[in-house]
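Inspection log for the structure reproduced underneath, given as structure tokens.
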Amino acid sequence: MTHHQSDHPFFAALPRRSARPRRQGRTLAAALLGAVLLPGAVLVPGTVLAQGSAAAPTASLTKVASFDHQVTGVTVSKDGRIFVNFPRWTEDTEVSVAELKDGKLVPFPDAAWNSWRNARKDEVTAKDHWVCVQSVVAGPNGNLWVLDPAAPAMAALVPGGPKLVEIDLKTNQPARTIAFDESVAPQGSYLNDVRFAPDGKTAYLTDSGAKGALVVVDLDSGRAHRVLDGDPTTQPDKSVTVTYDGKPLRRPDGRGVEFAADGIALSPDGKTLYWQAIKGKTLYSLPTETLAGSITNALMPTALADKSVSGRIEPVGENGPADGLIIARKDGRMYVTSPQDDSIKVRDLSAKGNTLSTVVQDKRLRWPDTFAEGPDGTLYVTTSHIQDSAFYKPDAPAALPTELWSFKPGTADATGSTAPAPAAR
């Protein structure tokens, strides 16, 4: 039997927040989590920017949901179920992982897994509760995977908390947990996003924390190994300053955006891995066959192991500061979120050196964060509003309103597309 949020005793016991006025008539669940589905497409005010073309077809955004909390990850299962997550960054959010269902956020897999709190970290076990979830990703076997870096406020790791959890979507129950020790998730790390090989045997993760790295996980054995730990390609680029509204985005103490390796994508055939730092401009790639031995060669000195891997890295091109990456199944193009200018861009990967083209640019895309692709090719993207958070605006509310959007790429929505351009009329 399926329950909505308000049916859970856990939710009935939660106090109302008073930080922001609520609309009359909202249910308790909506008041706490504010998921409101809005049907219909919203036309993007600007047109698609096409290189060498004065006119191009417009694209449209659909607001799928609004949230009262800061969202990051989103994924869509093979049968169209939508899942989202809310990290514990500037608030001790009530729900970390949820399924978006009938206009409501339902704690997933249940309320118990979502019951960890900062104030209760000494009494609630971190290994089997969500501590600070950053990503949710549907795997090739049809199950949901949840990546928990377990570092509330992107600060100290909670011991025993870093993990990758598989949830069987047939039973809605956890199937296995891969725990990461300090050799994989040391203090200062923040495991960020994950991609899965098509055969379901390997997972690739980024670490956007104090010392960027990639992590390779053998899913059968659960063994994991850090690679490119401290390599220039996984670190923030000192020559790059992340801006917003034309000005450097800085914390009150003057620190700028410092996120290391963050966005990650895998080619449909599983042979090429892509990544980049947010505080960076260059997209890098690596043949995954180079990483295949990193698990079995884990006893090799790190410097030697990384040298053999780094020699195969290739710069793909410049994206500028970017967060989310995804390669669409339909056409093999890479979509890139561009937080600095509220836009989503696309890159044709069929030839090296191809440049980015803008697909959607809209002020409502406040820090476009993470992509997901639906069964029908619809692309979903969260807006995490990082520039509006208490990290950068001390007077910002702890609970930050955010959104989930969708758009459907056209056959020629930007130059650089592998599809033919529309015929002239």
- [ ] Working only within region 349-382, note down all residues that are out of contact with any helix residue (DSSP H, G or I) (no Cβ under 9 Å at 6 or more places or on another chain), outside any loop (DSSP other than H, G, I, E, B) and touching a residue at least 60 places away in the same chain (Cβ under 8 Å).
- [x] L356, S357, V359, V360, T370, F371, A372, E373, Y380, V381, T382
TODO: Among the numbered conditions (1) modelled with pLDDT of 95 or more; (2) open to solvent by 20 Å² or more (accessible area, probe 1.4 Å); (3) not in a loop (DSSP other than H, G, I, E, B), tell me where A119 comes up short.
DONE: (1)
TODO: Tell me which residues, restricted to region 222-244, are of a type in the set (G, A, S), at pLDDT below 95 and either open to solvent by 40 Å² or more (accessible area, probe 1.4 Å) or in contact with a Pro (Cβ under 9 Å, 6 or more places away or on another chain) (or both).
DONE: none
- [ ] Restricting attention to region 320-348, report how many residues are assigned to a loop (DSSP other than H, G, I, E, B) and either surrounded by fewer than 22 Cβ atoms within 10 Å (Cβ to Cβ) or more than 21 Å from the chain's Cα centre (by Cα) (or both).
- [x] 8
- [ ] Could you please find all residues in region 141-159 being more than 15 Å from V97 (Cβ to Cβ), in a loop (DSSP other than H, G, I, E, B) and open to solvent by less than 50 Å² (accessible area, probe 1.4 Å)?
- [x] G142, A151, L157, V158
Open item on the list: Out of the strands (runs of 3 or more DSSP E) lying entirely within region 249-311, which hold 3 or more residues that are open to solvent by 20 Å² or more (accessible area, probe 1.4 Å), at pLDDT 95 or above and on the phi < 0 side of the Ramachandran plot?
Closed with: 282-287
Task: Candidates P186, P162 - the one that is surrounded by 23 or more Cβ atoms within 10 Å (Cβ to Cβ) and not β-branched (V, I, T) - done: P162
Open item on the list: Filter region 197-229 down to the residues that are under 12 Å from L164 (Cα atoms) and either assigned to a loop (DSSP other than H, G, I, E, B) or of a type in the set (F, W, Y) (or both) and list them by number.
Closed with: Y204, L219, G222, R223
- [ ] Filter region 349-381 for residues that are more than 23 Å from L100 (Cα to Cα), open to solvent by 10 Å² or more (accessible area, probe 1.4 Å) and among the β-branched types (V, I, T) and give the result.
- [x] T355, T358
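The values are calculated or read from the model by the stated rules, or taken from the named source; none is laboratory data. This one's a predicted model, so the numbers in the text were calculated from it and none came from an experiment. Backbone-built Cβ (ideal geometry, glycine too); neighbour counts: all protein chains shown. When the accessible area is computed, the model is the full protein with side chains, heavy atoms only, and any ligands, DNA or RNA have been set aside. Shrake-Rupley method; radii C 1.70, N 1.55, O 1.52, S 1.80 Å.
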